[in-house]
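Enquirer: Take this structure first; my questions come after.
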Amino acid sequence: MKATRIEHRFVDAIPETLEDEVLYVSIEFTTAVHKCLCGCGQEVVTPISPTDWKLTFDGETVSLDPSVGNWSFDCQSHYWIRRDTVRWAGQMSEEQIAKVREKDVRSKAAYFDASCQKVTHSAPAHRPGIFGRLARWIGLRRS
Ligand SMILES: [Zn+2]
């Protein structure tokens, strides 16, 4: 069944078994995880970064931006999480999905071009990339 509400939970580590309709948010790992809100049970990982998702916490509720599009799952569900409520998008055609994905890749490329230029002018402290942090986090979950 499609969920209409989601409860947010700030956690240090993402639990092994996820509850339905709960958005687990790890600030340390800058990642949010939830089970697909269509009820199919797939785990949806949304990294929080300037090129991925933005998480907004207003003191009571959370919002994720942009929408969550589970194109790689059979359910292909697509929804927004806004102030702890779930807004479902209409079914998208394959062509529309391809367009959204292409736009995503382009904006990511533009972002990394800009930050690469910055790197040549100053030497920022080394920070592990999102994949490093994610790997660390997955490692922690297994241990
Ligand atoms: Zn699903």
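The values are calculated or read from the model by the stated rules, or taken from the named source; none is laboratory data. Predicted model only: the values in this text are computed from it and were never measured. Counting neighbours? That spans all protein chains shown, and the Cβs are built from the backbone with ideal geometry, glycine included. Accessible surface areas use protein heavy atoms only, side chains included; no ligands, DNA or RNA. Shrake-Rupley method; radii C 1.70, N 1.55, O 1.52, S 1.80 Å.
Enquirer: Does Thr61 satisfy being within 24 Å of Val105 (Cβ to Cβ), outside the structural domain of Ala110 (by TED's automatic domain parsing), open to solvent by less than 50 Å² (accessible area, probe 1.4 Å) and not aliphatic (A, V, I, L, M)?
Expert: The answer is no for Thr61.
Enquirer: Report whether or not Glu7 is within 16 Å of the ligand (Cβ to nearest atom) and of a type in the set (Asp, Glu).
Expert: no
Enquirer: Please pick out the residue among Thr46, Thr56, Thr51, Thr30 that is in contact with a Ser or Thr (Cβ under 8 Å, 6 or more places away or on another chain), of a type in the set (Val, Ile, Thr) and on the phi > 0 side of the Ramachandran plot.
Expert: Answer to the selection: Thr30.
Enquirer: So, one more: Applying the selection to the range 76-102, what residues are open to solvent by 30 Å² or more (accessible area, probe 1.4 Å), under 25 Å from Arg9 (Cα atoms) and either touching a residue at least 24 places away in the same chain (Cβ under 8 Å) or in contact with an Asp or Glu (Cβ under 6 Å, 6 or more places away or on another chain) (or both)?
Expert: Arg83, Thr85, Trp88
Enquirer: Answer yes or no: is there a residue in the range 44-52 that is part of a loop (DSSP other than H, G, I, E, B) and within 14 Å of the ligand (Cβ to nearest atom). Break it down into steps so the answer makes sense when it comes.
Expert: Narrowing the range 44-52 to residues part of a loop (DSSP other than H, G, I, E, B): 49-52.
Keeping just the survivors that are within 14 Å of the ligand (Cβ to nearest atom) gives none.
No; the residues of the range 44-52 include none that is part of a loop (DSSP other than H, G, I, E, B) and within 14 Å of the ligand (Cβ to nearest atom).
Enquirer: Scan (1) within 11 Å of the ligand (Cβ to nearest atom); (2) within 24 Å of Ala109 (Cα to Cα); (3) open to solvent by less than 60 Å² (accessible area, probe 1.4 Å) for the single condition Leu55 breaks and write down its number.
Expert: The number of the failed condition is (1).
Enquirer: Name, by its number, the condition in (1) open to solvent by 60 Å² or more (accessible area, probe 1.4 Å); (2) in a strand (DSSP E or B); (3) within 16 Å of the ligand (Cβ to nearest atom) that does not hold for His34.
Expert: (1)
Enquirer: Does the range 9-27 include one or more residues that are more than 19 Å from Thr85 (Cα to Cα) and in a strand (DSSP E or B)?
Expert: Yes, the range 9-27 contains at least one residue that is more than 19 Å from Thr85 (Cα to Cα) and in a strand (DSSP E or B).
Enquirer: Please go through the range 65-81 and give me each residue that is near the ligand (Cβ under 7 Å from one of its atoms) and in a strand (DSSP E or B), ordered by number.
Expert: Pass one, the range 65-81, residues near the ligand (Cβ under 7 Å from one of its atoms): 70, 73, 75, 77.
None; the set is empty.
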